[in-house]
Amino acid sequence: MSENDIQLSTWAANIAPSPTLAVDSKAKAMKAAGEDVCGFGAGEPDFDTPEFIKAACAKALAEGKTKYAPAPGLPALRSALAEKYSKENGIDGVQAASVIVSPGGKYSCYLAILAVTSPGDEVIIPAPYWVSYPEMVKLAGGVPVVLPAEDGAGFKINPEQLKAAITPKTRMVIINSPSNPTGAIYNRQEMEALVEVALEAGIYIMSDEIYEYLLYDGVEHHSPASFSKEAADKVITVAGFSKTFSMTGWRLGTLVAHPSIAKAVGSIQSQTSSNATTFAQWGALAALEQPDQSRAAIDGMLEVFDRRRITLLDGLNAIEGITCERAQGAFYLFPSIASYGVSANDFAARILEEQKVAVVPGEGFGAPGYMRLSYATSDDVIEKGLARLKEFCGNL
Ligand SMILES: *Cc1c(COP(=O)(O)O)cnc(C)c1O
């Protein structure tokens, strides 16, 4: 059968593969072929999972905890997460029934979108956005409405913009702070203003807080669901263990919402994926039950990330033609390369080819003219990559 004879569904025909994973796999393939690639494409911490978490998982495996678990998650893990979200994040009324443990933060996002979006519903996605949001909305039959942040606004939308983008068909707005790809963070006042607009319009908010612990320069994270009882009912908080604990391969996400939404999410999950890996959940439980060890692991990682952030930031801004904002969260910088007059896609393709530097072009994030660099990579790669970038830009 030829390619033309294969008939795909509307869903499959309309979905684009993840461009961030594409760059990363091309760079990895070049590395595997023996090439000296400086990779800034990674969307994952370059640390190992903390030992005490691995030990708890190994123990669960040894004890035979290898069977199905309840679809919405291990009861002990859901309870521990409920406690974290009520005490640490300050969300009112969170119970175990408000919490779902899913096979990855990415799946939590998709479940959140599926739970409240019907065909034709609009979902507002501020740009620059994480690559998967628009595709997920489309897979749910919804219509992604991209709302670009204004120039010079630190990659953040303001309440007037949000208000103007809301129509009778709007169902939800997606907020991701700290942000992938920009590292931007909404402060409390900015976040409250957005939540107020959303609540007034009666729309849901999906708050993707996967980077909630990766903060620098003393900034603080605010969970929009914590602002009021009403907010707790309307905000679906998604997160997971991947970024905080270097557990990307474990596939463990979380979702906190009004119990009725959580119940619907649990039903969707029970019919599509069933439970997240049982022994992985036992490992994650250790992270919540041993907060001191967790904090120490996170602090150790943050110290290294912060040093690299500054090295990369200063190095980028020292290159003529590149300007980069001082991002205060996650592990990404998002410099502008607009002054060179080439598309980010071309820039990324050429620098990988000519200088063996892997960056992710901004087009996939709804931000042409920018590129995403991850500093979840070694100091050595950062130094070497900056030198190559400088040479490349000098010849443009
Ligand atoms: C990494 C990431 C996730 C989820 O990652 P998982 O590995 O699926 O847990 C969700 N949102 C954003 C913005 C991310 O960068």
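The values are calculated or read from the model by the stated rules, or taken from the named source; none is laboratory data. Everything numeric here is computed off the predicted structure, so don't read it as measured data. For neighbour counting, all protein chains shown are included, and Cβ atoms are generated from backbone atoms with ideal geometry for every residue, glycine included. For the accessible areas, the whole protein counts, side chains as well, though only heavy atoms, and no ligand, DNA or RNA atoms are used. Shrake-Rupley method; radii C 1.70, N 1.55, O 1.52, S 1.80 Å.
Tabulated results
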item: Efficiency of FRET between E383 and Q189 - r from beta-carbon atoms, R0 30 angstrom, step 0.05; result: 0.20
item: With DNA, RNA and ligands ignored, accessible area of W11 (1.4 Å probe; Å², nearest 10); result: 130 Å²
item: Farthest positive-ward along region 277-396 dipole, Cα basis, beta-carbon charges - from G341, A367, G283; result: G341
item: Spread of Cα-to-Cα distances over 10 Å intervals beginning at zero, given as percent, for region 67-290; result: 8, 37, 38, 15, 2, 0
item: Carbon + sulfur, % of accessible area of region 309-351 - ligands and nucleic acids excluded, 1.4 Å; result: 46 percent
item: Heavy-atom accessible area per residue - region 186-235, 1.4 Å, Å²; result: 39 Å²
item: Sorted largest first, extent of the chain alpha carbons per principal axis (Å); result: 58, 58, 53
item: Net lengthening on full extension, N395/T272 (0.36 nm per residue, minus Cα-Cα); result: 39.2 nm
item: Accessible surface of region 18-58 [probe 1.4 Å, protein heavy atoms]: carbon and sulfur percent; result: 61 percent
item: For A231, net neighbour charge (Lys/Arg +1, Asp/Glu -1) across residues whose Cβ lies under 11 Å away; result: -3
item: Cross-link partners of K169 among lysines (Cα-Cα below 27 Å; sequence separation of 8 or more within a chain); result: K106, K138, K156, K229, K234, K263
item: FRET efficiency, A318 to E160 (Cβ-Cβ, R0 25 Å, nearest 0.05); result: 0.10
item: Leading residue at positive end of dipole, region 67-290 (Cβ point charges), from G104, Y204, I185; result: G104
item: Cβ-based charge dipole, the chain, positive-most Cα from I91, L114, I157; result: L114
item: Prolate/oblate/rounded label for region 17-65 (Cα gyration tensor, a/c 1.5); result: prolate
item: Net charge dipole size for the chain [Lys, Arg +1 and Asp, Glu -1 on Cβ; Debye, nearest 20]; result: 980 debye
item: DSSP bridge pairs, the chain: antiparallel proportion in percent, nearest 5; result: 45 percent
item: Fraction of accessible area attributable to carbon and sulfur, region 67-290 (%, probe 1.4 Å); result: 51 percent
item: Inter-label distance for F47 and M1, nm, one decimal - labels placed 7 Å from Cα along Cα-to-Cβ; result: 4.8 nm
item: Simple Cβ-charge dipole of region 116-174, Lys/Arg +1 and Asp/Glu -1, about Cα centre, in debye nearest 20; result: 160 debye
item: Cross-link pairs K356/K390; K67/K87; K59/K84; K26/K54; K31/K356 - those with Cα-Cα distance over 21 Å; result: K67/K87; K59/K84; K26/K54
item: Simple Cβ-charge dipole of region 67-290, Lys/Arg +1 and Asp/Glu -1, about Cα centre, in debye nearest 20; result: 860 debye
item: Region 339-396 and region 137-176: distance between their alpha carbon centers, rounded to Å; result: 28 Å
